[in-house]
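Q: Mind looking over this structure? Questions follow.
The values are calculated or read from the model by the stated rules, or taken from the named source; none is laboratory data. Just so you know, these numbers come straight off a predicted model, no measurement behind them. Glycine gets a Cβ as well: all are built from the backbone with ideal geometry, and neighbour counts include every protein chain shown. Each accessible area value is taken on the protein alone, full model and side chains, heavy atoms only, with ligands, DNA and RNA left out. Shrake-Rupley method; radii C 1.70, N 1.55, O 1.52, S 1.80 Å.
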Amino acid sequence: MRVVIDTNVLISAIFWPGKPKQLLNHVRRKNITFVTSKHLLNELKGILIREDKPFQLSENEANQVLEAMGRLAEIVQTHSRITVCHDEMDNRVVECAIDGKAECIISGDFHLLGMGSYRGIKIMTVSDFLNLFEGTP
């Protein structure tokens, strides 16, 4: 299964135990294909180094995280341009899913989740995805 993992879920998977890390472990075991784009990786880096965020990684530390994500992910070139969300980065997530031929976007963003799906691409929480993927009720 091909999935786009939104930045908020990746941050949780990187720093804390729980379902987002469980999702990332499925990626590591190659049970799931993690699809991302340079736009989304740049967003991740920006959040990791921002002074007003709790992570406050150095540029070098953030680059190491990006390299690790790049090794786990299939990085796609995005060509689609959509404006279905008010937040431009949410549009970049959907564009990545379209151009990366993802079946699902996994996010904690209520704006994206409120869409439910877009062009046949399901948009769901980590918990809902894991329940569906792992076959648990």
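Q: Could you list, in sequence order, all residues of the stretch 25-57 that are over 17 Å from Glu88 (Cβ atoms) and either in contact with a Ser or Thr (Cβ under 6 Å, 6 or more places away or on another chain) or in a helix (DSSP H, G or I) (or both)?
A: Across the stretch 25-57, the qualifying residues are Asn25, His26, Val27, Arg28, Leu48, Ile49.
Q: Still on this structure, I have one more. Which one is surrounded by the most Cβ atoms within 10 Å (Cβ to Cβ), of the residues in the stretch 120-137 that are over 15 Å from Leu24 (Cα atoms) and modelled with pLDDT under 95?
A: Ranking the candidates gives Leu132 first.
Q: On the given criteria, is Asp87 farther than 15 Å from Ser37 by Cα and either among the polar types (S, T, N, Q) or touching a residue at least 12 places away in the same chain (Cβ under 8 Å) (or both)?
A: When the stated conditions are applied, Asp87 passes them.
Q: Then there is this: Out of all the residues in the stretch 65-74, which are open to solvent by 70 Å² or more (accessible area, probe 1.4 Å) and either without any contact (Cβ under 8 Å) to a residue 40 or more places away in the chain or more than 14 Å from the chain's Cα centre (by Cα) (or both)?
A: Glu67, Arg71
Q: Out of all the residues in the stretch 94-114, which are touching a strand residue (DSSP E or B) at 6+ places or on another chain (Cβ under 9 Å) and open to solvent by 60 Å² or more (accessible area, probe 1.4 Å)?
A: Lys101, Glu103, Gly114
Q: Conditions: (1) of a type in the set (A, V, I, L, M, F, W, C); (2) under 17 Å from Leu23 (Cβ atoms); (3) free of Cβ contacts under 8 Å to residues at least 24 places away in the same chain; (4) open to solvent by less than 30 Å² (accessible area, probe 1.4 Å). Ala62 meets all but one. Number of the miss?
A: For Ala62, the failing item is (2).
Q: Please name all residue pairs, on different chains or six or more residues apart, with Cβ atoms under 6 Å, provided the first residue is in the stretch 19-46 and is surrounded by 19 or more Cβ atoms within 10 Å (Cβ to Cβ) and the second residue is of a type in the set (Asp, Glu).
A: Short answer, once both residue conditions are applied: Val35/Glu74.
Q: Tally the residues that are within 20 Å of Gly108 (Cβ to Cβ), out of contact with any strand residue (DSSP E or B) (no Cβ under 9 Å at 6 or more places or on another chain) and part of a loop (DSSP other than H, G, I, E, B), restricting the search to the stretch 60-93.
A: Going through the stretch 60-93 one residue at a time, the tally reaches 3.
Q: Filter the stretch 105-137 down to the residues that are aromatic (Phe, Trp, Tyr) and not in a strand (DSSP E or B), then identify the one that is nearest to Ile5 (Cα to Cα).
A: So the residue we want is Phe129.
Q: Continuing with this model, one more query. Residues in the stretch 48-55: is at least one surrounded by 13 or more Cβ atoms within 10 Å (Cβ to Cβ), over 18 Å from Ser107 (Cβ atoms) and aromatic (Phe, Trp, Tyr)?
A: Yes: one or more hits.
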